[in-house]
Amino acid sequence: VIAQDPPAKRFVANYDESKIPSYTLPDVLGGVSHAKDWPAKRAEWLDLLSREMFGRGPAAEAGGNITVANTAPEVEILGGKGFLRQTTLTIAEQPIEVAMFLPVKAKETAVPVFMGYNFGGNHTVFDHPAIKLPSGWMRKTDDHKAKESDRGANASRWAIERIVDAGFGLVTLYYGDVDPDYDDGFQNGVHAVLGPPKVDEAGSIATWAWALSRVVDVLETVDEVDANRIAVIGHSRLGKTSLWAGASDPRFALVISNNSGCGGAALSRRQYGETLWRINTSFPHWFCSNFTKYNNKEDTMPFDNHVLLALIAPRPLYVASAVEDRWADPKGEFLSCVHADPVYKLLGKEGLPTTSMPTVGNSVQGTIGYHVREGKHDVKDFDWQQYIQFAKRHLQP
Ligand code: GTR
């Protein structure tokens, strides 16, 4: 029995498959047997996950008019293979720095892009002196300020040369520019303007997802980017964010979840590794307050995370795990794909080509892609190789 209330140290994560409670997943199809009936069922699920998990909204226009300023000169990168453009968007009065790493051919034809948040500021994604440092609260530094010395610090998580060589661009922004990632009672970031959420309104994840959609509003006006071919990607909490962004905004043509785990791709009912009680206690600002009613009561949830994945159908979806990232429950992430697959099939798509979990280091790719790689909770070059291959097939750069 897992403790209902803190102290947190009473929580012991389960990593034993034989101790997983028996469970029955809600039927993702909800009785629907014709593709024409899916949009109505999908709308019901989307509304349910909005009210009970991530929180509703904000409305598209809630942040007011978005202003766009090209605040830095464009620079050449990768020995002339690409260029970097930096744009400052003002959304809900917050300055948000967007960095676009684009192949030169984007000057002639709009290119498909990967788009995702970074954890440490745009300057950590690629080592270049022209990249602007965030001015706001940083999660990872001692004094919570951005540092020059962190230029390129997370470059191993962003295969920019590989992306550009494959004919794609990368659009990235720092998630803390939108909403600093700590439980502050929703006083800062865009919440300072949007106001604190009600029990069924957007927590931080839904708010980060909402801002990604606002960036798409702007990308629709950028000549070099093909806004109809955006692959939204995120790691960990930002993978939860990319899934919700993809579920709630069909303009994302492809969705990638890297090690998103609990509250992301993993099935909550397995209670393997991180659980709902654990995540809602550690990070009370991520989901809406309604979600806490399922703490230690996973079997009472009228949905599970296979439904989250199915909301992305028929668009291509890639879920990736890491074998040592047990906290995120690799098998639970895979099973979510298996149980989202019937919706892809209903919609005439290939879905997931297997029902048995691929061995470590092997990628399966249909309309749903999946792999579990060796190693820890991270984004590695191996992950990007699969994402690029998958995106090449579905978005044809
Ligand atoms: C952990 C959290 C996970 C995951 C991770 C991350 O502390 O428990 O759900 O989101 O952080 O974002 O790196």
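The values are calculated or read from the model by the stated rules, or taken from the named source; none is laboratory data. No experiment lies behind these values; they were computed from the predicted model shown. Note that we place each Cβ from the backbone using ideal geometry, even for glycine, and neighbour counts take in every protein chain shown. For the accessible areas, the whole protein counts, side chains as well, though only heavy atoms, and no ligand, DNA or RNA atoms are used. Shrake-Rupley method; radii C 1.70, N 1.55, O 1.52, S 1.80 Å.
Just one of the numbered conditions (1) more than 23 Å from Ala99 (Cβ to Cβ); (2) modelled with pLDDT of 95 or more is not true of Asp5: (2).
Just so you know, in the stretch 303-351 the residues that are outside any helix (DSSP H, G or I) and within 16 Å of the ligand (Cβ to nearest atom) include one that is farthest from Leu395 (Cα to Cα), and it is Glu324. Take the residues in the stretch 257-274 that are open to solvent by less than 10 Å² (accessible area, probe 1.4 Å), over 17 Å from Ile205 (Cα atoms) and part of a loop (DSSP other than H, G, I, E, B), then tell me which one is nearest to the ligand (Cβ to nearest atom). Among them, the one singled out is Gly273. Which of the residues belonging to the stretch 231-256 are farther than 14 Å from Ala391 by Cα, surrounded by fewer than 21 Cβ atoms within 10 Å (Cβ to Cβ) and in contact with a strand residue (DSSP E or B) (Cβ under 9 Å, 6 or more places away or on another chain)? Selection gives Ser236, Asp249, Arg251.
For Gln386, the conditions (1) under 26 Å from Gly169 (Cα atoms); (2) assigned to a loop (DSSP other than H, G, I, E, B); (3) open to solvent by 10 Å² or more (accessible area, probe 1.4 Å) all hold with the exception of (2). Taken over the stretch 124-156, the residue count meeting the criterion of being modelled with pLDDT of 95 or more and polar (S, T, N, Q) is 4.
When the helices (runs of 4 or more DSSP H) confined to the stretch 135-230 are screened for residues that are open to solvent by less than 50 Å² (accessible area, probe 1.4 Å) and within 21 Å of Gly246 (Cβ to Cβ), those reaching at least 1 such residues are found at 160-165, 175-178, 204-219.
I'm told Met115 meets every condition in (1) open to solvent by 10 Å² or more (accessible area, probe 1.4 Å); (2) at pLDDT 95 or above except one. Can you identify the failing condition by its number? For Met115, the exception is condition (1).
Can you tell me how many residues in the stretch 286-300 are open to solvent by less than 10 Å² (accessible area, probe 1.4 Å) and either part of a loop (DSSP other than H, G, I, E, B) or of a type in the set (Val, Ile, Thr) (or both)? Step through it out loud before you land on a result.
From the stretch 286-300, those open to solvent by less than 10 Å² (accessible area, probe 1.4 Å) are 286-288, 291, 298; that's our starting set.
Adding the requirement that they be either part of a loop (DSSP other than H, G, I, E, B) or of a type in the set (Val, Ile, Thr) (or both) leaves 286-288.
So the answer is 3.
Between a residue in the stretch 199-225 that is touching a residue at least 40 places away in the same chain (Cβ under 8 Å) and any residue that is open to solvent by 20 Å² or more (accessible area, probe 1.4 Å) and among the aromatic types (Phe, Trp, Tyr), which pairs come within a Cβ distance under 7 Å, given they are 6 or more apart or on different chains? Nothing qualifies.
Quick one: is Ile279 free of Cβ contacts under 8 Å to residues at least 40 places away in the same chain, touching a Gly at 6+ places or on another chain (Cβ under 9 Å) and within 16 Å of the ligand (Cβ to nearest atom)? Reasoning before the result, please.
On the way: free of Cβ contacts under 8 Å to residues at least 40 places away in the same chain: yes; touching a Gly at 6+ places or on another chain (Cβ under 9 Å): yes; within 16 Å of the ligand (Cβ to nearest atom): yes.
Criteria met by Ile279.
The residue pairs whose first member lies in the stretch 112-124 and is under 13 Å from Ser156 (Cβ atoms), whose second member is open to solvent by 10 Å² or more (accessible area, probe 1.4 Å) and more than 13 Å from the ligand (Cβ to nearest atom), and whose beta carbons are closer than 8 Å, counting only pairs six or more residues apart or on different chains, are Asn118/Trp158; Gly120/Asp150; Gly120/Ala153; Thr124/Asp150; Thr124/Arg151; Thr124/Gly152; Thr124/Ala153; Thr124/Ala155.
Regarding Ile131, is this residue farther than 25 Å from Glu93 by Cα and β-branched (Val, Ile, Thr)? First the steps, then the outcome.
Details: farther than 25 Å from Glu93 by Cα: no; β-branched (Val, Ile, Thr): yes.
Taking the combined requirement at face value, the residue does not satisfy it.
Going through the stretch 48-92 one residue at a time, which ones are more than 25 Å from the chain's Cα centre (by Cα), part of a loop (DSSP other than H, G, I, E, B) and among the charged types (D, E, K, R)? Passing the criteria: Glu74, Lys81.
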